[in-house]
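Engineer: Shown below is the structure under consideration.
The values are calculated or read from the model by the stated rules, or taken from the named source; none is laboratory data. If you're wondering where the values come from, they're calculated on a predicted model, not measured in any experiment. Glycine also receives a Cβ, built like all others from the backbone with ideal geometry; neighbour counts cover every protein chain displayed. Quick note on the areas: whole protein, heavy atoms, side chains included, nothing else; ligands and nucleic acids left out. Shrake-Rupley method; radii C 1.70, N 1.55, O 1.52, S 1.80 Å.
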Amino acid sequence: MTIAYPRRRFVQLAAGATVTLFGLLLSGCADAGTHVRVPETRKPMAPPVNADNQRFADWLTEFRIEAMKEGIKPQTFNRALAGVAPDDSVVAADQNQPEFVKPVWEYLKGALSEKRVERGRALLAENKYLLDRLEKAYGVDRHVIVSIWGLESNFGDFMGTQSVVRSLATLGFEGRRPTYGRTQLIAALKIIEAGDVQPEEMLGSWAGAMGQTQFIPTTYLAHAVDFDGDGRRDIWHSTADTLGSTAQYLSVSGWEAGGNWGYEVTMPSGFDYALSDMSVTKSVGEWSKLGLKRADGRAFAATDTQSGASLFLPAGHKGPAFLVLKNFKTILVYNNSTSYALAVSLLADRFRGAGEIRGQWPLDERPLTRTEREELQALLTAKGYDHGKADGIIGFNTRKAIRSYQASVGLPPDGYPTSSLLEKMRSK
Ligand code: CA
């Protein structure tokens, strides 16, 4: 889905020029522009006419038909999309595939800052009555709800300042995933039509994640709740609606009331690192028999003995290890990143008074750059380890191929790509 045409600037239309009017102005300009009569009192600035604006106008005309089929009222569509033009900054953000990534320990350091821990604890106390009601209604741990709030928007400080309608129209028109943009924009129009929020107040990230919970519109439609009972679902201004929506989403995504997210663990010497994969699930009792122990020396909770768990090594066999349970995997439904789920879990533990983790991060390792990840994948292919597409993304198949290679050269098969591994592959 690469975009074949070059980047260029779009011109934001004057507010008040409706989509229909935009179409008329453009289609009429060549020979009949002067026949478009605009009342003196609300004369919009005529948009500069160019091929890009024309293509967007054509897209909008076609999208309008789709929106009407979905039951969006013409007045809602006109109001929300009045004067909207594509946003170049959204296109740039969508195309940006960063060369460098932060090591997981640096990400966690920021996520679990002392400031965030303190503020979260204060908010837990301040919202005690609300959180009592939420735990009763949804069965989700209050520390995790507040932890997600802290990581999604720094407790409401950073919700994004971009127009969600404009961002999604841009992605639908020329994003790498146009279907995503269209689907989310239809959902956004449904939210506006329901009267939950005015289009100009519907602000969020460039990708359309909105409010204090950073819900995309389809998630909002399915999971946002009016927990303060004022008749509107408002994840921008209402703490009750924000935390209620987070709890509702986790609850229906499989949260087990009263359950743990997991444990920091240690492995015995000679442990088979091929088992350290999120797709390998064994009961906590079975892991225990394989020699896994809690890093703090305490026993696993008796209630978890039968629970399914996976071994997660965020920085390979040289770094800390975590046995993660169902509730950890539920957090992944919220945001499909294991580093994020670990940050949510550890921050929730800090709110409860836990200290730092015990394992040491391999600080001398640095994550591979995108170019190096692609090179690693090419080397795996050259050595006969099939992993699918060489896209620089270390997914399930790439990890599997890395494990096979590691095992063949006598390294612990943790599936974790490092610069020393890359060097070894280059030299052999
Ligand atoms: Ca409300």
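Engineer: Of the numbered conditions (1) open to solvent by less than 40 Å² (accessible area, probe 1.4 Å); (2) under 31 Å from the mean Cα position of the chain (by Cα); (3) away from the ligand (no atom under 16 Å from the Cβ), Phe271 satisfies every one except a single condition; which is it?
Structural biologist: (2)
Engineer: Of the residues Arg177, Arg142, which single one is in contact with a Leu (Cβ under 9 Å, 6 or more places away or on another chain) and free of Cβ contacts under 8 Å to residues at least 24 places away in the same chain?
Structural biologist: Going through Arg177, Arg142 in turn, just one is in contact with a Leu (Cβ under 9 Å, 6 or more places away or on another chain) and free of Cβ contacts under 8 Å to residues at least 24 places away in the same chain: Arg142.
Engineer: Contact list please: Cβ distance under 9 Å, first residue in segment 100-123 and closer than 16 Å to Leu368 by Cβ, second residue open to solvent by less than 90 Å² (accessible area, probe 1.4 Å) and of a type in the set (Asp, Glu), pairs at least six apart or on different chains.
Structural biologist: That search, which allows pairs on different chains as well, returns Pro103/Glu365.
Engineer: With respect to the numbered conditions (1) modelled with pLDDT under 95; (2) surrounded by fewer than 15 Cβ atoms within 10 Å (Cβ to Cβ), which one is the sole condition not fulfilled by Met68?
Structural biologist: Of the numbered conditions (1) modelled with pLDDT under 95; (2) surrounded by fewer than 15 Cβ atoms within 10 Å (Cβ to Cβ), the odd one out for Met68 is (1).
Engineer: If Thr266 passes every condition in (1) away from the ligand (no atom under 16 Å from the Cβ); (2) open to solvent by 20 Å² or more (accessible area, probe 1.4 Å); (3) on the phi > 0 side of the Ramachandran plot but one, which one does it miss?
Structural biologist: The single condition Thr266 does not satisfy is (3).
Engineer: Could you tell me whether segment 120-132 includes any residue that is open to solvent by 40 Å² or more (accessible area, probe 1.4 Å), of a type in the set (Ser, Thr, Tyr) and modelled with pLDDT of 95 or more?
Structural biologist: yes
Engineer: At pLDDT 95 or above and away from the ligand (no atom under 16 Å from the Cβ) - does that describe any residue in segment 219-228?
Structural biologist: Yes - at least one qualifying residue is present in segment 219-228.
Engineer: Kindly provide the set of residues from segment 205-250 that are aliphatic (A, V, I, L, M), open to solvent by 20 Å² or more (accessible area, probe 1.4 Å) and free of Cβ contacts under 8 Å to residues at least 40 places away in the same chain, ordered by number.
Structural biologist: Ile216, Leu221, Ala222, Val225
Engineer: Can you find a residue that is free of Cβ contacts under 8 Å to residues at least 24 places away in the same chain and away from the ligand (no atom under 16 Å from the Cβ) anywhere in segment 251-262?
Structural biologist: Taking every residue of segment 251-262 in turn, none turns out to be free of Cβ contacts under 8 Å to residues at least 24 places away in the same chain and away from the ligand (no atom under 16 Å from the Cβ).
Engineer: Let me ask something additional. Residues that are open to solvent by 20 Å² or more (accessible area, probe 1.4 Å) and of a type in the set (Asp, Glu): find the helices (runs of 4 or more DSSP H) completely inside segment 295-412 holding 2 or more of those.
Structural biologist: 370-382
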